[in-house]
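J.: Dropping a structure here in C-alpha cells format, bear with me for questions.
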Amino acid sequence: MTYKEKIDKSRLPAHVAIIMDGNGRWAKQRGYDRIVGHQNGVTSVRETTEAAAEIGIKYLTLYAFSTENWGRPKQEVDALMELLVGTIEKETPTLNKNNVRLLAIGDLARLPEGAEKKLRNCLKQTENNTGLSLVLALSYSSRWEITAAVKAMCQEVKAGSLNPDDISDETVSSHLNTCNMPDPDLLIRTSGELRISNFLLWQLAYTELYFTETHWPDFRKENFYQAIYEYQQRERRFGKQSEQLTTENGEPKNNL
Ligand code: FPP
C-alpha cells in the first residue's frame, strides 16, 4: 500500500509548510555546481505542488529564499533569483490550468526590480484561482516579518486607530504577511537539519514538525505523502490533556 493510499482524506492538514534544504549538498555529492542542486530542486517543487493539489491540501508554503540568503556569494544569489522568477513565469500557465493560486510572503521590495515586477505579474494572473494556494516565501524571514508587524502596530497606536489594551494574538496575526492563511499544521524540513531557521516563528506555535534525511532534489510525491501519513499518527494537544481532546460524542478531536 502506498502512503498516498494510507492517508485519511478526511483529516488532511489544511496548511503544509516546507523548508526545502539540501540542494547544495545534493549537488556536491555528485560533483556538480550548487546551482545544479537548485535546478533539480525545481522538479521537487513541481512534484510537491502536484501532490498537494491531488489530495486537496488548501495551503502549501515553500521557503524559497530567506533574508539570510542575500548574504550568499553574488553568483549564487543571481542564479537563484533567475531560476526562481524564470520558473515561476514558466509555470504560471500550468498553475492557472490547475486552478492554483500563487501567493508570496516576504520583503519583495528587496528583489531586483525586474524580478519583483515579473513576480507581481504572475501573482495577479492567478489571483482568482480557488484551488491550492501555493505560497512562496521569498526574501522572507520571520524576524523581519514580526518586526514589520510591530512597526505597523506602533504606527496605528500613534495615529490613534489602535488601542494598546486591545492588542491580542489575533491583532498580531492580522499584521503578519500570512494574515489570511491558517497557521501551518505540518512543517517538513528536508536534508536532516533540525532547525526552524527563522521561518514562520509565530505561526508554527502548535505545528507538528517532521524532519527527513532526504535532500530536497530527491523529494518526491511519496515523500510528501509519507510526511502527511506520519502527521496523522500524532495526537495534537494544543497545550491540553489527552483526555480533553474528545468531542461530546466521544470522538477524537485531534487533527481536525
Ligand atoms: C536550500 O538548499 C535551498 C534554497 C536556498 C533554494 C530553494 C530553491 C529552489 C528549490 C529553486 C526552485 C524554487 C521555486 C519555488 C521555483 P541549500 O543551498 O541551503 O543546500 P545546502 O544546505 O545543502 O547547502
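Values in this text are rule-based calculations from the coordinates and carry no lab data. All values derive from a computational prediction rather than experimental measurement. All Cβ positions, even for glycine, are placed from backbone atoms using ideal geometry, and neighbour counts span all protein chains on display.
J.: Let me check against my output: what whole-number percent is the relative contact order of the chain, with C-alpha pairs under 8 Å and at least 6 apart? Display every interim value, and only then the final one.
T.: Values: 384 pairs, mean separation 74.4, N = 256.
Over the chain, the number comes to 29 percent.
J.: Mean Kyte-Doolittle of at least -0.5 and a Cα length of 24 Å or more along the axis: which whole DSSP H helices of the chain meet both? Please list the in-between numbers first.
T.: Values: long enough: 34-55 (32 Å, -0.29); 74-97 (35 Å, -0.35); 142-159 (26 Å, -0.04).
Helices meeting the criterion: 34-55, 74-97, 142-159.
J.: Can I ask one more? What list do you get for Asp165, Asp185 if you sort them by fewest beta carbons within 10 Å? Please report the intermediate quantities before stating the final value.
T.: Numbers: Asp165 6, Asp185 22.
If I rank by nearby Cβ atoms, fewest first, I get Asp165, Asp185.
J.: Per DSSP H run of at least 4 residues, take -39500 (n - 2.57); add these up for the chain, divide by its residues and hand me the 222 nm value, nearest 500 deg cm²/dmol. Please report the intermediate quantities before stating the final value.
T.: Numbers: 8 runs with 107 residues, N = 256.
Calculated at 222 nm, the ellipticity per residue is -13500 deg cm²/dmol.
J.: Can you give me the relative contact order of region 2-107 as a percent, contacts being Cα pairs under 8 Å and 6 or more apart? Numbers along the way, then the final one.
T.: Working: 63 pairs, mean separation 30.2, N = 106.
It rounds to 28 percent for region 2-107.
J.: Please report Leu176, Leu194, Leu186 as a ranked list, fewest other C-beta atoms within 10 angstrom at the top and most at the bottom.
T.: Listed from fewest to most nearby Cβ atoms, that is Leu194, Leu176, Leu186.
J.: Is region 72-216 rounded, prolate or oblate when judged by the Cα gyration tensor, a ≥ b ≥ c being the square roots of its eigenvalues, rounded requiring a/c under 1.5 and prolate requiring a/b larger than b/c?
T.: Numbers: a/c = 1.58, a/b = 1.33, b/c = 1.19.
Here region 72-216 falls in the prolate category.
J.: Mind jotting down the distance between the C-alpha centroids of region 38-71 and region 109-166, whole Å?
T.: 19 Å
J.: Most exposed first by the Cβ proxy, i.e. fewest other Cβ within 10 Å, how do Lys151, Lys118 rank?
T.: Working: Lys151 11, Lys118 18.
Ascending Cβ contact count within 10 Å gives the list Lys151, Lys118.
J.: Which of the GluC sites (Glu not before Pro) found in region 139-223 are loop residues per DSSP with 15 or fewer other Cβ atoms within 10 Å of their Cβ?
T.: Details: sites: Glu145, Glu156, Glu170, Glu193, Glu208, Glu213, Glu222; in loops: Glu193, Glu213.
Answer by residue number: Glu193, Glu213.
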